[in-house]
Amino acid sequence: MTNKVLVIGEAKENRLRNVTFEAIAAAKVLDENAEVVGVLCGDTDLEACATEMVQYGADRVKVIYNEILKTYTSGAYAQALLPVIKDEAPTAILMGHTAIGKELTPKLASRLNVGLVSDVTELEKVGDQVVFTRPIYSGKAFERKVVIEGTAFATIRPNNIAPLERDEARSGEVSTINADINDLSVIVKEIINKTATGGDLSEARVVVAGGRGVKSKEGFDPLYELADVLGGVVGASRGACDADYCDYSLQIGQTGKVVTPDLYIACGISGAIQHLAGMSNSKVIVAINKDPEASIFNIADYGIVGDLFEIIPKLTEAFKELKVHS
Ligand code: FAD
């Protein structure tokens, strides 16, 4: 019997999150011959997203519709997904380790009575087994886990597993299901967006983060300019959030968001262990700090000792120049 991997996709405003494609690629590492079944939840118009999942490697996709699925609640999504999961009886289930994935997957795992390996950063096939690697102790160590019995259920940390190349000629069945959802204990009536950060931190390729060294709300302006030129987003340390220089939705670290961009520029951040927990897996780390002894330099690939208010505008100008000449 062919193995079957179910990938729970996630769309925001009818755009799939990249981690959905990364989860499809991870499904192929689990078993390259497995049938990959995508599943999406929403209220309308997800067929284009479903087709995109096929183009990135899913063999077929089920779209579950109900008006209540327009807004995420774990109760409604669990009611929508559980019958599909039971019907498909997959050998493995994968989802992105996003805010929704973090909340939904433990609920699904407990209802299905299976274990959950969360926040996986790497998958590796060793013989017949798949080894899942995940960070522990705020990223100070990694553990490697093997699921020896039952359905392998895992969440994948964004930006760690390369998606497969898109093949627009690839075809696969897209089917729709009208879900029956009732007896919900929580219904979301309205969503009020607190801030617009200009992008999603957890999936950003470039993050320009500011700390207490930025000194004020206005001090963040040059960071936004640099992020803009680099096509990135702005983040912050808790020090900056506590000082009210920016909103807590920008906080990166143990009690904030975890980011794994290609480029992380830390500006006026000392490098406390709780901050490192959220960004130390970034591919290239640049630190700007006026204190040469700041511990952020211990993990930085490139360190610039100096005043961030002098250095950041120079970097922004240099990147603008590069853009003009490239
Ligand atoms: P500081 O430590 O004050 O560092 C400011 C830095 O700016 C200094 O290194 C200074 O040299 C430099 N600087 C000043 N002026 C300039 C200038 N003009 N140019 C260049 N450099 C300059 N922190 C997080 O970030 N995220 C978390 O999720 C988090 N969770 C926590 C959870 C717990 C339970 C606890 C106890 C703490 C947590 N913290 C977290 C807080 C953490 O311990 C640090 O206090 C915090 O990260 C410090 O922020 P900072 O680096 O911006 O500030």
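The values are calculated or read from the model by the stated rules, or taken from the named source; none is laboratory data. Because the structure is predicted, anything quoted here is derived from the model rather than measured. Positions of Cβ are backbone-derived with ideal geometry, glycine not excepted, and every protein chain shown enters the neighbour counts. Calculation scope for accessible area: heavy atoms of the full protein, side chains included, ligands and nucleic acids excluded. Shrake-Rupley method; radii C 1.70, N 1.55, O 1.52, S 1.80 Å.
Before we move on, is L322 modelled with pLDDT of 95 or more and of a type outside the set (V, I, T)?
Numbers: modelled with pLDDT of 95 or more: no; of a type outside the set (V, I, T): yes.
So L322 fails the test.
Only one of the listed residues (A240, A300) is of a type in the set (A, V, I, L, M) and either buried (at least 24 other Cβ atoms within 10 Å of the Cβ) or within 8 Å of the ligand (Cβ to nearest atom) (or both). That residue is A240. Restricting the first member to region 293-306 and to residues that are without any contact (Cβ under 8 Å) to a residue 24 or more places away in the chain, and the second to residues that are in a strand (DSSP E or B), the beta-carbon pairs closer than 6 Å and six or more apart or on different chains are D301/V284; D301/I285; Y302/V286; G303/A287; I304/I288.
K257 meets all of the listed conditions (1) farther than 17 Å from R205 by Cα; (2) open to solvent by 50 Å² or more (accessible area, probe 1.4 Å); (3) modelled with pLDDT under 95; (4) more than 8 Å from the ligand (Cβ to nearest atom) but one, namely (1). Examine region 260-276 for a residue that is within 17 Å of R157 (Cβ to Cβ), within 24 Å of the chain's Cα centre (by Cα) and within 12 Å of the ligand (Cβ to nearest atom), and state whether such a residue exists. Yes: one or more hits.
Just checking, which of V206, V234 is more than 9 Å from the ligand (Cβ to nearest atom), under 20 Å from K320 (Cβ atoms) and open to solvent by less than 10 Å² (accessible area, probe 1.4 Å)? Working first, answer last.
Numbers: V206 fails: open to solvent by less than 10 Å² (accessible area, probe 1.4 Å).
Step by step, each of V206, V234 is checked, and only V234 is more than 9 Å from the ligand (Cβ to nearest atom), under 20 Å from K320 (Cβ atoms) and open to solvent by less than 10 Å² (accessible area, probe 1.4 Å).
Exactly one residue out of A154, A162 is touching a residue at least 24 places away in the same chain (Cβ under 8 Å), in contact with a helix residue (DSSP H, G or I) (Cβ under 7 Å, 6 or more places away or on another chain) and more than 16 Å from the ligand (Cβ to nearest atom), and it is A162.
Scanning region 123-151 for residues that are out of contact with any Leu (no Cβ under 9 Å at 6 or more places or on another chain), under 15 Å from S280 (Cβ atoms) and open to solvent by 50 Å² or more (accessible area, probe 1.4 Å) turns up Y137, F142. For region 281-291, filtering for residues that are surrounded by fewer than 21 Cβ atoms within 10 Å (Cβ to Cβ) and more than 9 Å from the ligand (Cβ to nearest atom) leaves 4.
On inspection, S110 passes the criterion of being at pLDDT 95 or above, more than 21 Å from T20 (Cβ to Cβ), assigned to a helix (DSSP H, G or I) and not charged (D, E, K, R).
Kindly provide the set of residues from region 67-99 that are of a type in the set (F, W, Y) and part of a helix (DSSP H, G or I), ordered by number. Listed by number, the list holds a single entry, Y77. Annotation: I311 fulfils all but one of (1) under 15 Å from R205 (Cα atoms); (2) near the ligand (Cβ under 8 Å from one of its atoms); the unmet one is (1).
Among the residues in region 21-34, are any touching a Lys or Arg at 6+ places or on another chain (Cβ under 7 Å), in contact (Cβ under 8 Å) with a residue 12 or more places away in the chain and surrounded by 20 or more Cβ atoms within 10 Å (Cβ to Cβ)?
There is no residue in region 21-34 that is touching a Lys or Arg at 6+ places or on another chain (Cβ under 7 Å), in contact (Cβ under 8 Å) with a residue 12 or more places away in the chain and surrounded by 20 or more Cβ atoms within 10 Å (Cβ to Cβ).
Does region 260-280 hold any residues that are of a type in the set (S, T, Y) and either open to solvent by 40 Å² or more (accessible area, probe 1.4 Å) or out of contact with any strand residue (DSSP E or B) (no Cβ under 6 Å at 6 or more places or on another chain) (or both), and which are they? If the condition is that a residue be of a type in the set (S, T, Y) and either open to solvent by 40 Å² or more (accessible area, probe 1.4 Å) or out of contact with any strand residue (DSSP E or B) (no Cβ under 6 Å at 6 or more places or on another chain) (or both), then T260, S270, S280 are the ones that fit. Among the numbered conditions (1) open to solvent by less than 10 Å² (accessible area, probe 1.4 Å); (2) more than 9 Å from the ligand (Cβ to nearest atom), the only one that I187 does not meet is (1). Checking each residue in region 42-65 for being open to solvent by less than 20 Å² (accessible area, probe 1.4 Å) and farther than 15 Å from A23 by Cβ picks out G42, L46, V63, I64.
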